[in-house]
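Reviewing the structure listed below.
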Amino acid sequence: MVTACVTVREVQNEIVAVTVYPRQARVTRRGQATLEAGEQLVEIGPLPMGMDTDSVRVSGRGPATVLGVDVVLKRHAEPSDGTVTAVQEERRALEDELAEIADTETVLRQRQAFLTTLGERASGAYARALATGDAAAETVTAFTATMGGELSSVLAGVRDLQRRRTRAADRIAALDRQLLDLSGKREPDAHYAVVALAVSAAGPVQLDLSYQVPDAGWRSTYDVRLTGETLRLTWFGLVEQHTGEDWPECELALSTARPSGVVGIPELQPWYLDLLMPPPPRPPMQSFAAYGAAPGGAPAPAMAPAPRAMAKEQFDGFAEVEIAQARVEEGPVAATYRPARAVPVPADGTTSRATVLVLDLGSQLDHVVAPSHSIDVHLRAKVTNTSQHTLPPGQAAVFHEADFVSKTALSTWAPGEELELALGLDDRVRVERELTRRTATKATLGSSRRREVEYRTTVGNYTGRPVRITVLDQVPVARHDTITVRETVLEPSPAERTDLGVLTWRLVVPEGQSQTVRLGYRVETAKGAELSGWRE
């Protein structure tokens, strides 16, 4: 423990570096002070309430020795963050304005009631005076006009107060949402680090204080752009934090260390045939409450007018714009990436994006279709990670040249590993699947029941170049010894087949031509057996 033997001196400090891990971050603050010789106590803060107090470390430069560090809790009547204080002051001012509006409206309503009562009483008196000739019509008209003007003024004032009340209430709601975003800063208490120093000679001393905070992290996202058969992969780091303190533009590092509506290639599941079992008895009916459908989304914002296009010839001969990449520091089990541009990261959960790497990778393109599942043809790229970087999992936006086509998901991608990437649908390759034969017989005495089908799948290529395409189909798999499945037609022979009934053909279809795959099979069931799982 640090003993409070001398006066504690507060050191002005600021955040100079942040290392962000996938689920937490390490923050470094730097302060400088001119100290006298001897033992000194200096205070660095305020620090976030959610910090790990056991993670505090101190280093620095100057004629001093660190004797110890304590983390103390100070309680304040007001939040330590200026942004929260300003928001709360504005909210209190608006609440005072609402109270003033209510008082003013009460006065106007009382005046309205007085004018209404006065008009009702005066109307009777003037009516009797006009009847007896004691009052002139001009006097009555002037009084009526005056009363009408006064009452109109009162009602206009009430309407103006209602408009002011609505504006103030809307602003208070917006401030409440802002305070919710800054919930980590609303805590009126804060941690401070008290550092005990032994200063050997009077002079300036620089101190670096680092600490670990939760509620922070980064994740990966990618742009995958296909040009010809070259795949350009741009890796972005998305940083978010709710630590209670804003991170300014400083030395930001993204580390892969861990201190404590997607398009995919279709995969066929086994197709099982089994005996039909009687269903279990139905339980008694129970009523359940129906839930309402979620409301629809907000209308799309209006499109801004497009800027005037500049002549392409104006930039002929210029090199392509380069993309700055992060510096890489490789460790034994993790890597740290330091983006070329410092980005501020606010504490309200706003996402800040930094470019990590840009990789140009060679790819082998082909197509995949599973016509028994869907006749949509998927473009697939087999890509090897030829870099030295292990890419974390993340969502990827897929572009063909400049056109956005789909989203896909990347799994963890190690150096030298080959990965299959789904690059969207290709409508220029057409697939048709037709049931060309179907027969069924009924079981007779001592015989079995037979079902027989045959399909023809046609693949047409309209891409302007030869394409490689993988066709996936399947035959059912029997799960009972009274069921027999026999293939009757396989043209051409499949390149691969599995014990679970999945068949794979690999075709090369010339441009403007088509190829056909025929598949047929027969299913026989014993007498008295009811088949389940059958489909056509």
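A few points about this structure:
- When we screen 397, 409, 402, 370 for residues that are outside the structural domain of residue 514 (by TED's automatic domain parsing), small (Gly, Ala, Ser) and buried (at least 20 other Cβ atoms within 10 Å of the Cβ), the only hit is 370.
- Elements of the type strands (runs of 3 or more DSSP E) sitting completely within the range 474-536 and holding at least 2 residues that are charged (D, E, K, R): these cover 483-491, 514-525.
- The listed residue being assigned to a loop (DSSP other than H, G, I, E, B) and small (Gly, Ala, Ser), out of 50, 45: 50
- Among the candidates 350, 386, residue that is in contact with a helix residue (DSSP H, G or I) (Cβ under 9 Å, 6 or more places away or on another chain), among the polar types (S, T, N, Q), in a loop (DSSP other than H, G, I, E, B) and outside the structural domain of residue 470 (by TED's automatic domain parsing): 350
- For the condition surrounded by 18 or more Cβ atoms within 10 Å (Cβ to Cβ) and modelled with pLDDT of 80 or more, residue 256 qualifies.
- Some residue of the range 437-447 being in the same structural domain as residue 504 (by TED's automatic domain parsing), not in a loop (DSSP other than H, G, I, E, B) and not basic (Lys, Arg): yes
- Extreme residue, nearest to residue 189 (Cα to Cα), among residues of the range 10-42 that are among the basic types (Lys, Arg) and assigned to a strand (DSSP E or B): 29
Yes/no matrix, rows are residues, columns are (1) among the hydrophobic types (A, V, I, L, M, F, W, C); (2) closer than 27 Å to residue 466 by Cα:
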| position | (1), (2) |
| --- | --- |
| 484 | no, no |
| 487 | no, no |
| 495 | yes, yes |
| 501 | no, no |
| 510 | no, yes |
| 522 | no, no |
| 530 | no, no |
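The values are calculated or read from the model by the stated rules, or taken from the named source; none is laboratory data. All of these numbers come straight from a predicted model, not from anything done at the bench. A quick note on method: Cβ atoms are made from the backbone with ideal geometry, for glycine too, and the neighbour counts reach across all protein chains shown.
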